[in-house]
Amino acid sequence: MTREQILDAYNAKLKRIQNNRVYSDHAKQVMAAKAYKEAQDALDQLRDNTTAQLRTRRADLQRRMFGHADSNDPNALLARRNATDRANQLDDPRTAADELRHALDQGDSILARAIAKRAADYGWGDVLDAYADTRPDFRRLAEEYNTTPDPDDKHWAVTHAFNHVAPPPASLITLQAHEIDRLAQQDLDGPASGTTPTMNAADVAAVNALFRGGAA
């Protein structure tokens, strides 16, 4: 379900609870708390799934832009390690551009890729452009990477988390989080406090139907 679908289902459930004339006030609070926790759990799962998907996609794009085909060949591993060491010694874009040009002239794709990765890390746009000119798919991959949200960006992470918070029901707005949790954990046919019943048998049957998706 999408965020909008989760919230729509949540609000519809709250409306059915509130409009019912049979439930006691306490029964409505218990049901509203359960609906709230159910919606928040679904939003939490959606938030985490989206974050994981973004991480996977960005890693895949990085690999396709700068990675190498998997290989256990010792010579290939050594060549990649040496290329990375050489690229990591570059500290200005002009030198990096010269080294990239030389690597491309020599057909050294491993070193060229390592230099491009270094350029990307340091924002050397001209060097990246020169590399992109030799790789037809690079610009398309880079554009997708740059427009795919970064879960490690603090501003994005805060906004993403905020967008996946369910508003508490109006009937519980004055309660603290731990009080809502306590209500949500009550058995639908258990005691509200002491020996006072939370709801009668009719309430229980209606609630069970509600949380199974039936009409209240």
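The values are calculated or read from the model by the stated rules, or taken from the named source; none is laboratory data. Every value quoted in this text rests on a predicted model; they were computed, and no experiment measured them. Ideal geometry is used to build each Cβ from the backbone, glycine not excepted, and the neighbour counts take in all protein chains shown.
Brief remarks follow.
- As a summary of the residue check, ALA83 satisfies the conditions (1) over 19 Å from the mean Cα position of the chain (by Cα); (2) loosely packed, with under 13 Cβ neighbours inside 10 Å except for the one numbered (2).
- Among the residues of region 134-175, those that are surrounded by 14 or more Cβ atoms within 10 Å (Cβ to Cβ), within 16 Å of the chain's Cα centre (by Cα) and aromatic (Phe, Trp, Tyr) comprise TYR145, TRP156.
- If you go through region 154-170 and pick out every residue that is in a helix (DSSP H, G or I) and at pLDDT 95 or above, you end up with 9.
- Failed item in (1) within 30 Å of GLN5 (Cα to Cα); (2) in contact (Cβ under 8 Å) with a residue 24 or more places away in the chain, with ALA142 passing the rest: (1)
- Meeting the requirement of 3 or more residues that are of a type in the set (A, V, I, L, M) and over 27 Å from ASP137 (Cα atoms), the helices (runs of 4 or more DSSP H) wholly within region 1-118 are 3-19, 25-66.
- Residue identified as within 27 Å of the chain's Cα centre (by Cα), at pLDDT below 95, surrounded by fewer than 17 Cβ atoms within 10 Å (Cβ to Cβ) and small (Gly, Ala, Ser) among ALA52, ALA9, ALA59: ALA59
- From the options ASP73, ASP48, ASP60, residue that is over 24 Å from ASP153 (Cβ atoms), of a type outside the set (Gly, Ala, Ser) and free of Cβ contacts under 8 Å to residues at least 40 places away in the same chain: ASP73
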